[in-house]
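Worksheet: the structure to be examined is printed underneath.
The values are calculated or read from the model by the stated rules, or taken from the named source; none is laboratory data. Everything numeric in this text was worked out from a predicted model, so none of it was measured. No Cβ is skipped: glycine too gets one built from the backbone with ideal geometry, and neighbour counts run over all protein chains shown. Heavy atoms of the whole protein, side chains included, go into the accessibility calculation; ligands, DNA and RNA do not. Shrake-Rupley method; radii C 1.70, N 1.55, O 1.52, S 1.80 Å.
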Amino acid sequence: MKNFLITGGAGFIGSNFVHYLLEKYPDYRVVVYDKLTYAGNLNNLRDVSDDPRYAFVRGDICDRELVERVIQEYQIDTIVNFAAETHVDRSIMDPDAFIRTDVYGTYVLLEAARKFGLERYHQISTDEVYGHVPHGHSSLETDPVAPRSPYAASKASADLMVHAYWVTYNLPVTISRGSNNIGPYQYPEKVVPLFVTNALEGKPLPVYGDGRQMRDYQWVGDHCEGIDVILHKGELGEIYNIGTGTEIENLTMVEILLDELGAPRSLIQHVEDRPGHDRRYSLNVDKLKALGWESRHDCEAAIRATVRWYVENEWWWRPIKEGEFKEYYEKMYGNRKVLDMSETSASRES
Ligand code: NAD
Ligand code: TYD
């Protein structure tokens, strides 16, 4: 395991993982293979662009011919697949690209891994495949998948295909299911960077519905360490959850974020909820802990560190918010009904 193909490596988590690998393993080589959709950004890889162990190829994971050529040319022995369409709200507006990339693209990579007898195929999956998790339970890797958004359904489909390649062809696969990641280089459509940058711009923070939905917000670096542990110590054919193991309400996340910024709560604006919004995700992460991994940041520490990064790195997010993003924001939030939640807020404070 030395020559990595990091698909989707110009996105948020993929680029963090590339930094992580190159820093930790002096003898590893990394080829980032990325289509550079709206979410892919070479600024995320600026710090490693001169590293002789790093190469970039612009390409689609659905392009079988190019995938095969790159694997041969760079003598790839390991694929870590981050490439995906990743935003639930966009999947609700238009699921098409999700099916193509997340499902068909995964199949193309699996076929290539099989054809060239790769040492490992690792699939980056998500806690969203478990669907809404009732209070009193935390998802175990053995729980059935029950996805409820087109995004989650596309990721669950990919997981099932990866598993099928293990069972049928004995392809050496592993799967990780991460909770919500936050940290450097996250496209500001996702809630934490959206809210931090909106607050910095003096704009409202559009909280969906009552804001009492629960998520496990983890520091992206902790997720990267978890993937590393699975690659080196994980059992083939197995699934591993990665998260802090504790979830918080979105309103609590917003309060921490505003507190770190020193910004007023009056920026909170409750808006019409997302259709089919999963109320709660919660992961049991004991299986990965048993391999010696431990999350280093709880949700609050992760949120505060993320806020500080966006405050200090306006050069990164400002141009994004000026571009394609503006059109998206108008489409997603322009006509969204604003809710009057005064009664709920009062009861929460009492
Ligand atoms: P992202 O949207 O920031 O980046 C996705 C990257 O994939 C982009 O660089 C994009 O250009 C690339 N890409 C998209 N379609 C492609 C294609 N057809 N071929 C090649 N490249 C393509 O996503 P992220 O948040 O970094 O997520 C990475 C992975 O982690 C995804 O598989 C996602 O499902 C999973 N995940 C994300 C989170 C999270 O909180 N962000 C949590 C758990 C799991
Ligand atoms: P998001 O970052 O889209 O991740 P996911 O839906 O994959 O968990 O959203 C995280 C939580 O924040 C989720 O409960 C939806 C909520 N949310 C808002 O309240 N307002 C927003 O504008 C966005 C984008 C998300």
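Numerical summary
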| read-out | value |
| --- | --- |
| Pairs where the first residue, in segment 1-25, is at pLDDT below 95 and the second is open to solvent by 40 Å² or more (accessible area, probe 1.4 Å) and in a helix (DSSP H, G or I), C-beta under 9 Å, 6+ apart | MET1/HIS232 |
| Test: residue in segment 126-143 that is farther than 21 Å from TYR240 by Cβ, open to solvent by less than 40 Å² (accessible area, probe 1.4 Å) and within 18 Å of the chain's Cα centre (by Cα) | no |
| Neighbours by Cβ (under 7 Å, 6+ apart or cross-chain): first from segment 320-339, closer than 23 Å to PHE12 by Cα; second away from ligand 2 (no atom under 14 Å from the Cβ) | GLU324/TYR38 |
| Which numbered condition ILE175 fails, given (1) open to solvent by 20 Å² or more (accessible area, probe 1.4 Å); (2) within 16 Å of ligand 1 (Cβ to nearest atom) | (1) |
| Residues located in segment 153-191, provided they are on the phi > 0 side of the Ramachandran plot and within 16 Å of ligand 2 (Cβ to nearest atom) | GLY183, TYR185 |
| Candidate set: segment 134-151, residues that are touching a strand residue (DSSP E or B) at 6+ places or on another chain (Cβ under 7 Å) and within 15 Å of ligand 1 (Cβ to nearest atom); chosen: the one farthest from ASP63 (Cα to Cα) | SER139 |
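Results for (1) surrounded by fewer than 22 Cβ atoms within 10 Å (Cβ to Cβ); (2) in contact (Cβ under 8 Å) with a residue 24 or more places away in the chain; (3) away from ligand 1 (no atom under 11 Å from the Cβ), shown as yes or no for each residue.
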residue: ALA84; (1), (2), (3): no, yes, no
residue: HIS87; (1), (2), (3): yes, yes, no
residue: ASP96; (1), (2), (3): yes, no, yes
residue: THR101; (1), (2), (3): no, yes, no
residue: VAL108; (1), (2), (3): yes, yes, no
residue: ARG114; (1), (2), (3): yes, yes, yes
residue: GLN123; (1), (2), (3): no, yes, no
